[in-house]
Amino acid sequence: MLRQIIQEEIPGVQDFAALISDLPIDSFGMVVLRGRIEAALGHSVSDQAWGGIETLNDVLALSGAQPIVLRSQATAKDRRSFSVNMPQMAMEGLSESWLFKELGDMHWGMITSGLGSQSSALKDGSGNRLYATFTRICYSLQQPLNAIGENTSLDLRGTISRFGAGTFVSDIALVHDLAAGEARLMSNFSRRGETTNTSLLKGQPTIPPGCPIPEVPPPAFMLEYRDRRAAIPAAPLFESEYEIIPFHDVNGVGLLYFASYPIISDICSLRYSRDFGKRSTISRDVYYFANADIEDVLIFRVHKWEQSDSSLHLETSLSRKSDGRLMAYVLTGKSGG
């Protein structure tokens, strides 16, 4: 069983004695592999055991490890209600920056509640501080954001599940009279490997007994992310540099804020087409791959731009100028014009 999982996650692998660092699998692939191994074993693999793995034969040997049994009971949920006013608004409608921050906080709150820990106290098995790292955020609405006007009511109703102890996926319904919609968010955990934001390492917390966050098989949402991560973007139609604004783009722990990525994409898209500012977002799908330091310069690229009088669909990316690392790929739907 474990051998089959390994061969599915690392196609073509034959030498199980080779060092994993020499095999064609990245850090996210290792997260997926760990989750599938834990699901097959029926128990969690400790950080100490996983951290000691050097070859695929070490993975196979986990079948004889002492199990840490995890049982989920209730389901983790959250609900928030708002009267939309100026703090939640921008461009005569709901602020996308505010929406991203609220969705992210809701997702994070369901995780910390389910794990029974404050965010600042979350650590891996070796005592390293863990940070929530969003890997994908997707939402779509029946009407664009500018249909969510002042003094209207907006409800957010969320549930969350997990794949292993490292990947968490929430589903949040956006309830509104005119612009109902749905969002899905996925996150992993990271710890700082060095002093820079470009050296974040994957980690995962200990799941407490009776954790109310249910465990699920590998979600399609996660597998789509893996495929996108491995894809090579199309040749750019346009590119531009962006300098990070610390007071606006950086979060409370010194990382480029996940909610800044789509806004940076929109700011730079205006440089490609001034008409872009006349349109309102109706869907967004952000794939996050890496972070950046405050001093980094970002390279924005447009890879796809399809527009009509009433709609616009575009695909953009953000990369670090210093090393060319792809940081995010963004699919956006706009309405109006």
For all pairs of alpha-carbon atoms in the stretch 257-337, what percent lies in each bin of width 10 Å, listed from the first bin to the last filled one?
18, 53, 23, 5
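Just need the Rg to Rh number for the chain, please, alpha carbons only, Kirkwood Rh. Walk me through the intermediate numbers first.
Values: Rg = 20.7 Å, Rh = 21.2 Å.
Rounded to two decimals, Rg over Rh is 0.98.
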With label points built 7 Å along Cα→Cβ from the Cα atoms of ARG3 and ASP227, find their separation and express it in nm.
2.9
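How high is the FRET efficiency from VAL297 to LYS77, r the C-beta distance, R0 51 Å, rounded to 0.05? Let's see the in-between values first.
Working: r = 41 Å, r/R0 = 0.81.
The formula returns an efficiency of 0.80 here.
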Distance in nm between ASP323 and SER273 label points, each 7 Å along Cα→Cβ, equals 3.4
So how tilted is helix 27-41 from the main axis of the chain? Cα-based, degrees 0 to 90, rounded to 10.
50
Starting at the first residue of the stretch 261-272, write each ³J(HN,Hα) from the Karplus equation 6.51 cos²θ - 1.76 cosθ + 1.60 with θ = phi - 60°, in whole Hz, x for Gly and Pro.
4, x, 6, 4, 4, 5, 4, 6, 5, 4, 6, 7
Of all C-alpha pairs within the stretch 105-176, those more than 20 angstrom apart amount in percent to 43
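What net charge do the residues around PRO262 carry, taking every other residue with its C-beta under 11 Å from that of PRO262, with Lys and Arg at +1 and Asp and Glu at -1? Please report the intermediate quantities before stating the final value.
Working: positive: ARG284; negative: GLU96, ASP266, ASP285.
Net local charge, PRO262 excluded: -2.
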Might you work out the accessible area of CYS138 for me, using a 1.4 Å probe with all protein chains in place, and round it to the nearest 10 Å²?
40
Compute the distance in nm between two label points, each set 7 Å from the Cα along the Cα-to-Cβ direction, one at ASP171 and one at HIS248.
3.6
In whole Å, largest first, what are the principal axis extents of the Cα atoms in the stretch 218-260?
36, 32, 12
Under the helix-only model (-39500 (n - 2.57) for each DSSP H run of 4 or more, divided by the residues of the chain), the mean residue ellipticity at 222 nm, to 500 deg cm²/dmol, is -7000 deg cm²/dmol
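Where does the stretch 204-276 land on the Kirkwood hydrodynamic radius, alpha-carbon pairs, in angstrom?
Values: mean 1/r = 0.0608 Å⁻¹.
The Cα-based Kirkwood calculation yields 16.4 Å.
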Is the stretch 127-251 best put as rounded, prolate or oblate by its Cα gyration tensor, with a ≥ b ≥ c the root eigenvalues, rounded for a/c under 1.5, and otherwise prolate when a/b is larger than b/c, oblate when not?
oblate
Accessible surface of TYR329 in the full protein assembly, 1.4 angstrom probe, to the nearest 10 Å²?
10
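Relative contact order for the chain: what is it in percent, counting Cα pairs under 8 Å that are at least 6 residues apart? Walk me through the numbers on the way to the answer.
Working: 663 pairs, mean separation 54.9, N = 337.
Value for the chain: 16 percent.
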Given a Förster distance of 35 angstrom, what is the FRET efficiency for ARG129 paired with TRP305, based on the Cβ-Cβ distance and rounded to 0.05?
0.30
Cα centroid of the stretch 211-250 to Cα centroid of the stretch 295-319, whole Å:
14
So what J values fall out for the stretch 302-311 if you push phi through Karplus, 6.51 cos²θ - 1.76 cosθ + 1.60 with θ = phi - 60°, rounded to Hz, Gly and Pro as x?
9, 10, 8, 8, 10, 9, 9, 5, 10, 8
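The values are calculated or read from the model by the stated rules, or taken from the named source; none is laboratory data. Predicted, not measured: the structure shown is a model, and the values here were computed from it. Positions of Cβ are backbone-derived with ideal geometry, glycine not excepted, and every protein chain shown enters the neighbour counts. What goes into the accessible areas is simple: the full protein's heavy atoms, side chains included, and nothing from ligands, DNA or RNA. Shrake-Rupley method; radii C 1.70, N 1.55, O 1.52, S 1.80 Å.
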